[in-house]
Every structure is written in C-alpha cells, then in structure tokens.
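First comes the structure, then the notes that go with it.
The values are calculated or read from the model by the stated rules, or taken from the named source; none is laboratory data. No experiment lies behind these values; they were computed from the predicted model shown. Note that we place each Cβ from the backbone using ideal geometry, even for glycine, and neighbour counts take in every protein chain shown.
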C-alpha cells in the first residue's frame, strides 16, 4: 500500500555500510507533520521493544531487522499483543548495513511508532516506519517527571515543508507524551484534511 512512499522517503538514505559508515549529510527528508504521519500510516502505537533479530534477505543484498514490539496503546488501526516491525539495516556476523536517517529501536525501550505495510526488497508486506526516523518517537522521562516523546528525526536535517518548517513533528525537544497522543487521536478522528500552518 505504501510501497512507493516507502522508497520515495528512503531515496538516498540506504547506505550499505559493509565495513563503513555513511555521512548523515547524504540523506534528505521532507519534513512531515504529525497530521501527515498519522494520515500516511495505517497503524500508530505506543509500545515497548521486546527483542530483535537481524538477517539477510534471500538475495543477500540487504540486511533487515525484525523487531518484536508489545503495544501498550493503539492510537490508530489495530494491533495484537505483539507485532513485528521490520527495519532496513542491522548486523549479521561481521557485516553491518546502516541506513542513514533510519529508525533505531532498542530492546527494553518504548516508542511511539507510525507504521505502514510496504514491500521491501525481499520482504513483502512488511510492517515498517516508511518515513524512516520521522516515524519513530523516543520516550523518556523529562526533568519535570513527565514522559516526553521526541522524534528520532530531531538529529537529522529536514527539507522544509510547504509552510517552510524544518523542525521535526513535535519540535526539536518533543512533546509530553499525553499531548502527542491526543494530537494523533484528534488527527485520526478528523481524517485527512488540509493542514493549517502551525
């Protein structure tokens, strides 16, 4: 469903780093708002990573990582007690495939994930964040004791959207989790609409 979109956002981002690391400057992504992200993905969840497994695709041209996620809250779509999220990149033996501006998920940590079905090379119908790091928000407790959600795209340069905004959705410092989830739920209820500048 999101095959073309997945690869449009990944253009220039795939760096097979079999022994080397690519510069983050090599990737450009157009800034997506929370409303854009919500509309473009069929599933949005808050969840904890339970484990991960990296492997070669059948052609041994790309490494994928399947990440097991236990959703704690489903904001859009449906999800069972555990879902598998497929990411481009990973490590198998002494070989590493790194995706510049790609999503990163670590066991034991929690995230807000914007997920869609797409066909990756050798991985059909994979559930994946098709907007790369823009589709993943790290969760961490702030100094105020409130859980905040910060886009992983905060550490990557973004091309300005149609309103000239370059900061990732939620801003460079993120938003309190309850505010982020409420904005996502509002976007789901309102459905696709012309976004206003904010």
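Key figures for this structure:
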| quantity | calculated |
| --- | --- |
| Residue check for residue 39: outside any strand (DSSP E or B), in contact with a helix residue (DSSP H, G or I) (Cβ under 6 Å, 6 or more places away or on another chain) and under 22 Å from residue 177 (Cβ atoms) | no |
| Per-region count, region 84-114, residues under 18 Å from residue 51 (Cα atoms), touching a helix residue (DSSP H, G or I) at 6+ places or on another chain (Cβ under 9 Å) and part of a strand (DSSP E or B) | 4 |
| Close pairs from region 182-197: first loosely packed, with under 13 Cβ neighbours inside 10 Å, partner part of a helix (DSSP H, G or I) and at pLDDT 55 or above, Cβ under 7 Å, at least 6 apart | 192/39 |
| Matching residues in region 115-154 - criterion: being outside any strand (DSSP E or B), surrounded by fewer than 20 Cβ atoms within 10 Å (Cβ to Cβ) and on the phi > 0 side of the Ramachandran plot | 122, 145 |
| Test: residue 187 is within 14 Å of residue 41 (Cβ to Cβ), modelled with pLDDT of 90 or more and either touching a helix residue (DSSP H, G or I) at 6+ places or on another chain (Cβ under 6 Å) or assigned to a strand (DSSP E or B) (or both) | yes |
| Flag if residue 101 is modelled with pLDDT under 95, over 27 Å from residue 141 (Cβ atoms) and either buried (at least 22 other Cβ atoms within 10 Å of the Cβ) or in contact with a strand residue (DSSP E or B) (Cβ under 9 Å, 6 or more places away or on another chain) (or both) | no |
| Filter pass, residue 173 being loosely packed, with under 15 Cβ neighbours inside 10 Å, without any contact (Cβ under 8 Å) to a residue 60 or more places away in the chain, in a strand (DSSP E or B) and touching a strand residue (DSSP E or B) at 6+ places or on another chain (Cβ under 8 Å) | no |
| Condition check for residue 93: within 23 Å of residue 181 (Cβ to Cβ) and surrounded by fewer than 17 Cβ atoms within 10 Å (Cβ to Cβ) | no |
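Yes/no per residue for (1) modelled with pLDDT of 95 or more; (2) touching a strand residue (DSSP E or B) at 6+ places or on another chain (Cβ under 8 Å):
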site: 8; (1), (2): no, no
site: 17; (1), (2): no, yes
site: 20; (1), (2): no, no
site: 47; (1), (2): yes, yes
